[in-house]
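The next block holds one structure in the form of structure tokens; read it before the comments.
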Amino acid sequence: MARNRKRLTPKEIFFDGKMNIIWQDNTHSIYDYWELRTSCPCADCVDEITGEKTLDDSTIDKDIHPVQSAYIGNYALEILWSDNHDTGIYTFENLRDRYPHEEKPVS
Ligand SMILES: [Zn+2]
């Protein structure tokens, strides 16, 4: 497996108050639910033409959390949020490189 492929392929995803992804390159990424929800890339949250964010962060509850999640092929994660929003597709590339998160080596 090429290095970049491992970087962008989750070994394990779990939810424990935050979203955790263990990548195949043995990096552990931790995502805050609220930050992840307000980074939603879907057409309701981001203007498709200008790429400008149209979601007003203040409309998202601080206790937002995922209700369900599913892999889309091997490139993305779809999340159903507690506000019933489920149109966001979180690509592994964006999760690794774009959305806010903490990163540490797997111990
Ligand atoms: Zn959205």
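The values are calculated or read from the model by the stated rules, or taken from the named source; none is laboratory data. This is a predicted model, so every value here is computed, not measured. Here the Cβ positions follow ideal geometry from the backbone for every residue, glycine too, while neighbour counts run over all protein chains shown.
For residues in segment 3-59 being within 16 Å of the ligand (Cβ to nearest atom), in contact (Cβ under 8 Å) with a residue 24 or more places away in the chain and in a loop (DSSP other than H, G, I, E, B), which is nearest to S82 (Cα to Cα)?
C40
Test I13 against the criterion of being surrounded by 11 or more Cβ atoms within 10 Å (Cβ to Cβ) and either of a type in the set (V, I, T) or modelled with pLDDT of 95 or more (or both), and give yes or no. Give the steps one after another, and end with the answer.
Numbers: surrounded by 11 or more Cβ atoms within 10 Å (Cβ to Cβ): yes; either of a type in the set (V, I, T) or modelled with pLDDT of 95 or more (or both): yes.
In short, yes.
Just name the residue that is nearest to D61 (Cα to Cα) out of those in segment 71-107 that are away from the ligand (no atom under 11 Å from the Cβ) and of a type in the set (S, T, Y).
S82
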